[in-house]
Amino acid sequence: MKLSIIIVNYNVRFFLEQCLTSVFKAIETIDAEIFVVDNNSSDNSMEMVKAKFPSVKCILNKNNVGFSKANNQAISQAKGEYVLLLNPDTVVEEDTFQKCLAFSDAHPKLGGLGVKMVDGNGVFLPESKRGLPTPSVSFYKIFGFSALFPTSKRFSNYHLGYLNNNEINEIDVLSGAFMWMRKSVLEKIGFLDEAFFMYGEDIDLSYRIQLAGYKNYYFPETKIIHYKGESTKKGSINYVFVFYNAMIIFSKKHFAKNANAFSFFINIAIYLRASLAILMRFFNTIKLPLIDALFILVSLVILNFLKPFLGFPNQIEFSVDYGVLNVLTVIFSFLLGLTFSGGYSKAVSINRTLVGLTLGCVLFFGFNSLFPTSSSFSNKYIGSIMVGVLIFIPFSRILLNYFNYLKLRKNKYNTTIIVGNNHFIEKISNNFSKLKRNDCNIIAVKENNVSTKEDEGFYTGKLYQLPDLVEIYNANEVIYNTSTVSYKTIIEQMNLTKNSYVDFKLSLNDVIVGSQTIEKK
């Protein structure tokens with residue numbers, strides 16, 4: 001037998017179904033076996049597997065034994081020349097395994113292999129290729145140097161940022177989401193270390209592969225989707241504690257000389273990063289209001305400078321009693337108006353922004369009337385402030401959207417692109433109506449590149465045009481019919497679409513699976 005695929009499952013039924021569907025398409029011409037090890041799921045995952053994928057070998061645990069032990073249970077039974085540890089929240093291309101086999105067979109010193117991974121928005125996941133987390137590499141990552149210098153050979157070794165994402169390279173560490181290894185090497189070095197309950201076991205095993213004289217490769221000539229990659233966990237405080245504690249275990253095991261000092265710095269870092277995670281959540285909530293406050297302040301400074309030249313009275317005098325309060329009143333009025341209008345929603349709308357600024361004008365005029373006459377703004381100055389803010393704030397939105405710092409909705413609708421045949425698109429559209437998603441603008445894209453006269457009145461474009469259509473219509477959601485569009489095509493198009501705000505969803509049977517959502521059709 002050539003390949004043994006092992007998937008550890010815990011309450012991710014619909015991700016697992018999508019994963020297995022893609023895996024079975026990828027092994028059609030390969031002598032392979034599939035294991036699903038379930039850690040006591042309560043979502044009927046295994047009933048689904050037994051009903052829809054009867055050839056899968058199931059191992060049912062009565063409790064959650066962790067990632068390492070669950071994989072080891074299947075590895076000990078695996079008969080394949082190669083073993084693949086695969087996360088259930090992944091989707092592989094139809095030729096992924098064929099390409100991996102060809103490359104592995106051609107490189108006898110290969111011990112392990114990882115592939116290029118993208119998340120549910122088509123964004124490259126940096127954990128696709130990693131360096132060994134030595135104390136110095138870990139220090140640079142923990143204290144932010146790797147983020148400040150993402151392509152430096154000295155500082156970016158954790159994610160090997162200096163290596164081209166599209167070139168084959170030798171690497172130190174494979175990702176546990178897709179960990180391809182020779183079974184003979186595993187039998188020589190041992191299986192996963194069960195001291196790691198979750199996180200760190202892939203680093204430890206990758207390092208032991210190298211210590212045994214074998215090589216690990218990053219192989220970007222095939223790609224997979226990893227829906228819940230590391231990038232989605234970084235904001236979790238629990239992730240910070242579990243991940244960095246795993247690094248302590250690794251350090252004590254392999255770098256005993258420096259382990260105590262390293263553990264000391266790690267423990268400091270754990271609390272720093274946990275605090276930072278809380279602060280980042282708070283900052284992400286208030287960052288747009290802060291930017292708006294800055295733009296309003298800039299507009300006031302400019303107006304204050306221009307007033308004497310324009311002959312308008314009432315410059316802002318900070319030295320007088322009401323000077324600072326005048327400034328705060330302007331800022332507070334417009335921020336309050338934008339808040340009430342929904343101007344700070346996730347997908348920022350110019351229309352809502354203008355409504356919020358109009359409301360802010362009303363509030364500003366009302367608050368200004370409460371000041372003593374000698375300390376209030378003149379009507380001319382109020383008018384000029386309003387004009388300035390109405391220009392600066394929308395301009396700032398357009399500028400931030402251009403540099404991809406926020407998602408700007410160009411109309412009042414969410415835009416969903418549905419890729420499939422006529423029947424599939426009508427079914428999804430009708431389902432949207434049932435779910436009262438009437439604010440959704442639906443763009444129909446044909447599942448192939450063949451066009452007929454009958455298509456002209458129904459489809460907006462063909463399959464190859466999808467990346468361009470995403471940009472033209474500012475789509476925030478793409479739904480594929482996986483029964484008629486290959487996983488390879490889907491992943492390639494996700495990779496071509498450079499808008500990180502698009503959520504790509506795959507439809508299978510009666511379920512639509514996305515990075516953060518699962519919907520019934």
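The values are calculated or read from the model by the stated rules, or taken from the named source; none is laboratory data. This one's a predicted model, so the numbers in the text were calculated from it and none came from an experiment. When we count neighbours, we look across all protein chains shown, and the Cβ atoms used for this are built from the backbone with ideal geometry, even at glycine.
Structural remarks
- Of the criteria (1) crowded, with 16+ Cβ neighbours inside 10 Å; (2) modelled with pLDDT under 90; (3) farther than 30 Å from I331 by Cβ, which one F392 fails: (3)
- If you go through the stretch 458-489 and pick out every residue that is of a type outside the set (S, T, N, Q) and touching a residue at least 60 places away in the same chain (Cβ under 8 Å), you end up with 8.
- Filter result for F191 (out of contact with any strand residue (DSSP E or B) (no Cβ under 8 Å at 6 or more places or on another chain) and surrounded by 14 or more Cβ atoms within 10 Å (Cβ to Cβ)): yes
- When S68 is tested against (1) closer than 25 Å to V115 by Cβ; (2) in contact with a strand residue (DSSP E or B) (Cβ under 9 Å, 6 or more places away or on another chain), just one condition goes unmet, and that condition is (2).
- Long-range neighbours under 9 Å by Cβ, at least six apart or interchain, first residue closer than 22 Å to K505 by Cβ and touching a residue at least 40 places away in the same chain (Cβ under 8 Å) within the stretch 117-141, second of a type in the set (S, T, N, Q) and part of a strand (DSSP E or B): M117/T90
- Among (1) within 13 Å of V92 (Cα to Cα); (2) at pLDDT below 95, the one test that F24 misses: (2)
- Qualifying residue in the stretch 372-383 (condition: part of a helix (DSSP H, G or I), of a type in the set (F, W, Y) and in contact with a helix residue (DSSP H, G or I) (Cβ under 6 Å, 6 or more places away or on another chain)): no
- Scanning the stretch 1-51 for residues that are among the acidic types (D, E), assigned to a helix (DSSP H, G or I) and crowded, with 16+ Cβ neighbours inside 10 Å yields one hit, E17.
- Meets criteria (more than 21 Å from Y473 (Cβ to Cβ), at pLDDT 90 or above and surrounded by fewer than 18 Cβ atoms within 10 Å (Cβ to Cβ)) for V355: yes
- Subset of the stretch 430-457 (residues that are at pLDDT 85 or above, surrounded by 12 or more Cβ atoms within 10 Å (Cβ to Cβ) and among the hydrophobic types (A, V, I, L, M, F, W, C)): I442, I443, A444, V445
- Among (1) within 30 Å of Y140 (Cβ to Cβ); (2) at pLDDT 85 or above, the one test that A256 misses: (2)
- Flag for S483 being at pLDDT 90 or above, surrounded by fewer than 15 Cβ atoms within 10 Å (Cβ to Cβ) and within 25 Å of P88 (Cβ to Cβ): yes
- For the stretch 103-116, the count of residues that are touching a Lys or Arg at 6+ places or on another chain (Cβ under 6 Å), under 28 Å from R13 (Cβ atoms) and either surrounded by 21 or more Cβ atoms within 10 Å (Cβ to Cβ) or of a type in the set (G, A, S) (or both) is zero.
- Looking across G80, G112, one residue alone is in the same structural domain as A212 (by TED's automatic domain parsing) and outside any strand (DSSP E or B). It is G80.
- Candidates E167, E127, E194, filtered to the one that is touching a Gly at 6+ places or on another chain (Cβ under 8 Å) and part of a loop (DSSP other than H, G, I, E, B): E194
- Annotation: of all residues in the stretch 259-310 being basic (K, R) and modelled with pLDDT under 75, the one that is nearest to the chain's Cα centre (by Cα) is R281.
- Hits in the stretch 170-191 - residues which are on the phi < 0 side of the Ramachandran plot and in a loop (DSSP other than H, G, I, E, B): D172, L174, S175, G176, A177, F191
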